[in-house]
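One structure is given here, and the rest of the page talks about it.
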Amino acid sequence: MDQPVSRRNWLRAGALLTAGLTVNRSSFGSNLWNPVTANAQHEQRLVNEFARLGLAAPQIKARIAFNENPHGLSPKAKEAIVKAVDSGNRYAMFEGQELKKLIAAREGVKPEQVMLSAGSSELLTAMAVYFTGSAAKGKGGTILTSQFTYDDFLGCSKKFGAKIEAVPLTKEYRYDLATMKAKITPETKLVYICNPNNPTGTVLPASELVAFCKEVSAKIPVFVDEAYIDFLKPEDRPALPKLVAEGHNVFLTRTFSKIHGFAGLRLGYAIGPEKFLDELQDYSRGEWNPSVTTLKAGIASYQDDEWQNFCRTENDKARELLYKGLKDKGYEYVPSYANFVLFPIRMKTKQFEKEMFGNGVLTSTREYNAQPYCRVSIGTVDEMALFLDVFNKIV
Ligand SMILES: Cc1ncc(COP(=O)(O)O)c(C=O)c1O
């Protein structure tokens, strides 16, 4: 299966790190949260880290590789963080419960059907250990999924001896649910679906996904990774929490890293059957892991619909700008429902990344069926304009 380029692999690869770039920072237009200042501080830390490792320090003008939120935190979350500073000497006690209650009320499930974590990656690892590496569920087994999807849970399951049965995408770059259903055998332990899918940005029609989950979960658990679900309007989201409330063997993971901008703060959650989450606690520190500061910020951000709407609208605007630029250059793209866009490129992946990086743009690439693709995250409108300037120059 094609391997997506993870943050970890990117840092490991090192090829780009030695590029020795001397690009000057240009100043982008500011908006509500002044992402320029925020990003500049973050990038400076990155540059310092490169220097500490004895590597040439690149100057990054647009960091659009990891599907982060370029607009920063909700003003209310920032306020909550400042107020929470004095609680940092204590373990979190009631904050997790408070956030779980908020999530449960909004999603129509019980608080016991919500489990918090320090980012959803922790939950993906815990699920892999639980399902494929524990005495409770038996080692190994087959995980049914799609090709060209998010590899974290799958990669971890493989380490525990699981076999990954990955079905090709449809020609629209979507999960092929019909073929997946036909591939279920007595060996199939679990189905993993990423929706919206990373790296394609595509979504499954909500009613199709709900019907699939209902039918398949009668036989085996269905795990849906909804890291990017917040980029869909609430009315367009598949009603999977309702399936959990009705007692189906379905569980979801979500993250605050995307629309809430918590990639560095680390907060995520799972929604699933109570008994399953109870057992999963043994493989993760759960709600005791996120810091009290993060939890308080999460409580504020979760209720700040205005900020989420703002980020969604800005994402749409910047994505449209990108679409237009690609079209003008005669490039096709996969229409995206998330904060990144996948499109085929006419250059080898490493060369594309290197040339982009040489012009201060940090982006990412992948290969699928021997075709190279760029997966570019949606930054601010100014960052996308810069991406297009550089893109037009190098292709
Ligand atoms: C599909 C998907 N799931 C899960 C994650 C993990 O995110 P986090 O650990 O920041 O919650 C990511 C991160 O990019 C992702 O793309």
Taking the Cα atoms of region 75-302 alone, what are Rg (to one decimal) and Dmax (as a whole number) in Å? 17.3, 55
Can you give the calculated 222 nm mean residue ellipticity of the chain, where each DSSP H run of n ≥ 4 adds -39,500 (n - 2.57) and the sum is split over every residue, rounded to the nearest 500 deg cm²/dmol? -12000 deg cm²/dmol
Does region 198-322 come out rounded, prolate or oblate, given a ≥ b ≥ c as the square roots of the eigenvalues of its C-alpha gyration tensor, rounded meaning a/c under 1.5 and, failing that, prolate meaning a/b above b/c? oblate
For Cα pairs less than 8 Å apart in space and 6+ apart in sequence, what is the mean separation divided by the residue count of the chain, i.e. the relative contact order in percent? 23 percent
Please arrange ARG174, ARG375, ARG237 by counting, for each residue, the other beta carbons lying within 10 Å of its beta carbon, fewest first. ARG237, ARG174, ARG375
On a C-alpha basis, how far is the centre of region 126-201 from the centre of region 294-365 in Å? Whole number, if you could? 26 Å
Cβ-Cβ cut-off under 14 Å around GLN281, Lys and Arg +1, Asp and Glu -1: the net charge is -4
Using +1 on the beta carbon of Lys and Arg, -1 on that of Asp and Glu, and nothing else charged, what's the dipole of the chain about the Cα centre, debye to 20? 840 debye
How many percent of all Cα-Cα pairs in the chain sit more than 27 Å apart? 51 percent
Restricting attention to region 119-213, which GluC sites (Glu not before Pro) occupy a DSSP loop and are surrounded by at most 13 other Cβ atoms within 10 Å? GLU172, GLU187
The relative contact order of region 75-302, taking Cα pairs under 8 Å that sit 6 or more residues apart, comes to a percentage of 30 percent
Under 16 Å Cα-Cα from LYS159, which lysines qualify once same-chain neighbours fewer than 8 residues away are excluded? LYS137, LYS139, LYS189
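Every number in this text was worked out from the coordinates using simple rules, so none of it is lab data. Bear in mind the structure is a predicted one, so any value in this text is a computation, not a measurement. As a convention, Cβ positions derive from the backbone with ideal geometry for all residues, glycine included, and neighbour counts pool all protein chains shown.
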